[in-house]
1. Please work out the average accessible area per residue across the chain, using the 1.4 Å probe convention, and give it in Å².
2. Between the range 38-67 and the range 76-100, what's the alpha-carbon centroid distance in Å?
3. Which whole-number percentage describes the relative contact order of the chain, with Cα contacts under 8 Å and a sequence gap of 6 or more?
4. Among 78, 66, 33, whose mean-square fluctuation peaks in a Gaussian network model of the chain (Cα, cutoff 10 Å)?
5. Could you please state how large a percent of the accessible area of the chain is carbon and sulfur, counting protein chains only and using a 1.4 Å probe?
6. Counting other C-beta atoms within 10 Å, and keeping those with at most 11, which DSSP coil chymotrypsin sites (Phe, Trp or Tyr not before Pro) do you find in the range 1-98?
7. Distances longer than 20 Å among the Cα atoms of the chain: what percent of all pairs is that?
8. Quick one: among 67, 57, 32, which has the greatest mean-square fluctuation in a GNM of the chain with alpha-carbon springs under 10 angstrom?
Amino acid sequence: TAMACLMANVLVLPGLGSWICGRKSGVIQMVLALVGFSLSCWWFFGFVRSWIQLQTLPSHLGPSLALAVFGLILFLIAWLWALCSSLSILRFLKKHGLTC
């Protein structure tokens, strides 16, 4: 149903619900979300590795902080796009008198 697609888009993986509902843009949303998440994880694991090696909290956030921020932005764009897609699907169904 459309509500399940909305939940998949918002809570599981941005773009998954759009793709399930037949929107090809869902694939792009999923790729953006996964790339963004991966970039953020890359930074996080490097930061934790540095923390373990130094045995204290690093005073710097690392050279790949820009990648982490870029990753977060990509993920946020994918999430907002997926949310808009879901709301568009719900509006379409409501406009045509179909159930969600």
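1. Details: 6720 Å² over 100 residues.
Accessible area per residue: 67 Å².
2. Using only Cα atoms to place each centre, the spacing works out to 37 Å.
3. Working: 130 pairs, mean separation 35.4, N = 100.
Dividing the mean separation by the residue count of the chain yields 35 percent.
4. 66
5. On the way: 5120 of 6720 Å².
Heavy-atom surface of the chain belonging to carbon and sulfur, 1.4 Å probe: 76 percent.
6. On the way: sites: 19, 37, 42, 43, 44, 45, 47, 51, 70, 75, 79, 81, 92; in loops: none.
Here no loop site has a sparse enough neighbourhood.
7. Numbers: 2376 of 4950 pairs.
Roughly 48 percent, once rounded to a whole number.
8. Greatest mean-square fluctuation among the candidates belongs to 57.
The values are calculated or read from the model by the stated rules, or taken from the named source; none is laboratory data. Computed from a predicted model, the values in this text were never measured in an experiment. With ideal geometry, Cβ positions are generated from the backbone for all residues, glycine too; neighbour counts draw on all protein chains shown. These area figures cover heavy atoms from the full protein model, side chains too; ligands, DNA and RNA do not enter into them. Shrake-Rupley method; radii C 1.70, N 1.55, O 1.52, S 1.80 Å.
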